[in-house]
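First comes the structure, then the notes that go with it.
Please treat every number below as a calculation from the coordinates, not as lab data. Please read all numbers here as calculations on a predicted model, not as lab measurements. Ideal geometry is used to build each Cβ from the backbone, glycine not excepted, and the neighbour counts take in all protein chains shown.
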Amino acid sequence: MKAISLAANPRTLTKTTGSKKVRQGGGLPGVIYGNGDPQSIEIEAKQFGKAVKSTEAKNFLVELDIEGKKSIALVQDVQKNPLTNLFIHVDFKRLTKDSVVTAQVPLYPIGTAEGVKQGGVMQTAMHTITLKGRPANIPDSLELDVSDMEVGQSRYLEDLDLPKGVVATGQPKALVIAIATSRMQMMAEAEEAAAAEAAAEGGAEGAAAEGETPAQEGAKEEGAADAAEGGDKKEG
């Protein structure tokens, strides 16, 4: 991850009323903690909004310049107003060069799967992946080549190609992407199976109509014998 530079100032207006005044003035209240004492800060809301739009990661790296003193930190938590969708508070986690962090990054399938070309459907179980490692080693996003995937094939968390020193958190066999049979394919296969079954049943009935069972043959022979015997009696 590349650190995004943000200018910040110590925040003296704290608590609910103080934070409200900061926001009314175009600022965004926040706090930076970890590897030292927590510090209340404020940054320009528009500047933070631009930083969010410039990256795809939910937890991204920043370089906070607080009155000339720079600190590397990770955006740990962001709060928004549910009605206006505007940022109302942000938490930063102060880092060192040896810090190990956990961050969520987006996952993008690359290419068109062979199974999709054949009529299958790609099902994405994970749109974001949680990674753990040093900030400098964690990518802003992940890509997964699905072009060789056939219908019925899946990719799991353990199949992801990750940078050295970075691991994905979660069960290794957790499903990430699968190529499934589409509903249209399933209906077509069901129709083909029904047609084949009907054809098989029709062939069996036709064969039975053309042939005669032993019982039927015996009844015919017995009837012929009775007719012959009756003719002999009339002649006598």
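Evaluate the charge dipole of the stretch 4-99 about its Cα centre and quote only its size in Debye, nearest 20, assuming +1 on the Cβ of each Lys and Arg and -1 on the Cβ of each Asp and Glu.
The calculation lands at about 280 debye.
Local charge sum around Asn9 (other residues, Cβ-Cβ under 10 Å, Lys/Arg +1, Asp/Glu -1)?
Around Asn9, the charge tally is -3.
What does the charge dipole of the stretch 114-166 about its Cα centre add up to, to the nearest 20 debye, if the Cβ of each Lys and Arg holds +1 and the Cβ of each Asp and Glu holds -1? Before the final figure, lay out the partial values.
Numbers: 5 positive and 9 negative charges, 60 e Å.
Here the size comes out at about 280 debye.
Report the extension gain between Ile66 and Ser99 in nm, rounded to one decimal, defined as 0.36 nm multiplied by the number of residues separating them, less their alpha carbon distance.
Working: separation 33, 0.36 × 33 = 11.88 nm, distance 2.04 nm.
The span from Ile66 to Ser99 would gain 9.8 nm if fully extended.
Under the rule of at least 5 residues apart or a separate chain, name every residue whose amide H is placed under 5 Å from the amide H of Ile88.
Excluding prolines and chain starts, which carry no amide H, the hits are Gln79, Lys80, Asn81.
Whole-Hz Karplus ³J(HN,Hα) for the stretch 25-39, in order, using 6.51 cos²θ - 1.76 cosθ + 1.60 and θ = phi - 60°, x for Gly and Pro?
x, x, x, 10, x, x, 9, 10, 9, x, 6, x, 6, x, 9
Whole-Hz Karplus ³J(HN,Hα) for the stretch 93-101, in order, using 6.51 cos²θ - 1.76 cosθ + 1.60 and θ = phi - 60°, x for Gly and Pro?
10, 5, 10, 10, 4, 9, 5, 10, 10
Under a 5 Å amide H to amide H cut-off, with H placed in plane at 1.01 Å, what residues pair with Ile177 once short-range neighbours are removed?
The list, which skips near neighbours in sequence, is Ala125, Arg155.
At a 10 Å Cβ-Cβ cut-off, how would you order Phe92, Phe87, fewest neighbours first?
Phe87, Phe92
Can you find, among Ala73, Leu61, Ala7, the residue sitting farthest towards the positive end of the charge dipole of the stretch 4-99, where Lys and Arg contribute +1 and Asp and Glu -1 at Cβ?
It is Ala7, whose Cα lies furthest towards the positive end.
Take the Cα gyration tensor of the stretch 103-183, multiply each eigenvalue by 5, square-root it, and list the three semi-axes largest first, rounded to whole angstrom.
One finds semi-axes of 26, 12, 9 Å for the stretch 103-183.
Please compute the length gained on full extension between Ser182 and Tyr33, using 0.36 nm multiplied by the number of residues separating them and subtracting their Cα-Cα distance.
On the way: separation 149, 0.36 × 149 = 53.64 nm, distance 4.94 nm.
The Ser182-Tyr33 span can extend by a further 48.7 nm.
Pull up all non-local amide H partners of Ile4: gap of 5 or more, or a different chain, and H-to-H distance under 5 Å with H placed in the peptide plane.
Amide H neighbours of Ile4, under 5 Å, 5+ apart: Leu61, Val62, Glu63.
Using a ≥ b ≥ c from the Cα gyration tensor of the stretch 4-99 (square roots of the eigenvalues), is it rounded, prolate or oblate, where a/c under 1.5 gives rounded and otherwise the larger of a/b and b/c decides, a/b for prolate? Working shown, then result.
Values: a/c = 1.71, a/b = 1.24, b/c = 1.38.
The shape class here is oblate.
May I ask you to evaluate 6.51 cos²θ - 1.76 cosθ + 1.60, the Karplus curve with θ = phi - 60°, for each residue of the stretch 73-82 and list the ³J(HN,Hα) values in order in whole Hz, giving x for glycine and proline?
With coefficients 6.51, -1.76 and 1.60, one gets 9, 10, 5, 8, 8, 10, 10, 10, 6, x Hz.
Please arrange Arg155, Arg134 by how many other C-beta atoms lie within 10 Å of their C-beta, fewest to most.
In increasing order of surrounding Cβ atoms, one gets Arg134, Arg155.
Setting aside same-chain residues fewer than 8 positions from Lys46, which lysines have a Cα under 30 Å from its Cα?
Lys2, Lys15, Lys20, Lys21, Lys58, Lys69, Lys70, Lys80, Lys93, Lys97, Lys132
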